[in-house]
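Reading through the structure tokens given below for one structure.
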Amino acid sequence: MHTGVRRVGRSSFTFEQVIMVDGKRVGSGDATVVLAGNSGPLQLPDELIADLDEMRLSEKGTSAASRPRPERLQRAHYSYWSMLRSRIGDVDSNQHVNFLALATWYDEAIAAFTSHSMGTSGAGSVPDLPPSSYQIQYLGEVTYPGDYEIGLTVRSADTDSVHHELGVFHGSTCLGVADAIGPRGTLTAEALEAAPTAD
């Protein structure tokens, strides 16, 4: 696991992690940490900025993560919905739903969509088609207790894989979006044609 700092701001910094196996990159992720108090963002201490600067990664060959397209934040973009309720076991020390727990919510939505598309909802075997790739952006806090909805739409599909676009909503507010790519399995063309599809 390799860790470095991608960006240092006045009150936040972004770090990036890369997972390597036998010299091959097999996974990566990044997160932005914001220093804040009751009154809002606080300025990072000079000593911390100096330490972070020593961990800065080279900008060569890198690009900043793009913001979600505006339509991704609207309920109208999604046509398949999965209801989820936060559980006390999902909550971390920061008093919100942990990011790893939230990732499993997207898994739940894709599994429910796949079962629905295959006509096996409530009966038959559970489809074993977990995504092999996720890109997740967090836009707000998911808290406990609370009832949430995961919206899903199919961005594209080919012979072997399906690209899903997802969003987690509390009412009309989008708290995060995700792009997931997973195996197509036995999903038929008819099932995908009947599924909600992104423009």
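The values are calculated or read from the model by the stated rules, or taken from the named source; none is laboratory data. Model, not experiment: these values are computed from the prediction. When we count neighbours, we look across all protein chains shown, and the Cβ atoms used for this are built from the backbone with ideal geometry, even at glycine. Please note that ligands, DNA and RNA were not included when accessible areas were found on the heavy atoms of the full protein model with its side chains. Shrake-Rupley method; radii C 1.70, N 1.55, O 1.52, S 1.80 Å.
Brief remarks follow.
- Ordering of 23-34, 160-171 by packing is 160-171, 23-34, highest average first (other Cβ atoms within 10 Å, averaged per residue).
- Ser11 long-range amide H proximity, modeled H, under 5 Å: Leu44
- Protein accessible area in the chain, 1.4 Å probe - carbon and sulfur %: 52
- Using the Cβ-Cβ distance between Asp107 and Glu47 with R0 = 41 Å, the FRET efficiency computed as 1/(1 + (r/R0)^6) comes to roughly 0.50.
- Principal-axis tilt of helix 99-118 within the chain, Cα atoms, nearest 10 degrees: 20
- Result for the chain in a Gaussian network model with C-alpha springs under 10 Å: among Ala109, Ala36, Ala189, the largest mean-square fluctuation is at Ala36.
- The relative contact order of the chain comes to 18 percent, based on Cα pairs under 8 Å that sit 6 or more residues apart.
- Computed per residue of the chain from DSSP H runs no shorter than four, each worth -39500 (n - 2.57), the mean residue ellipticity at 222 nm is -5500 deg cm²/dmol.
- For the chain, the residue among Asn94, Ala76, Leu187 whose Cα projects farthest onto the positive side of the dipole built from Cβ charges is Ala76.
- Cα-only Debye scattering, the chain: base-10 log of I(q)/I(0) at q = 0.10, 0.13, 0.14 Å⁻¹: -0.51, -0.84, -0.95
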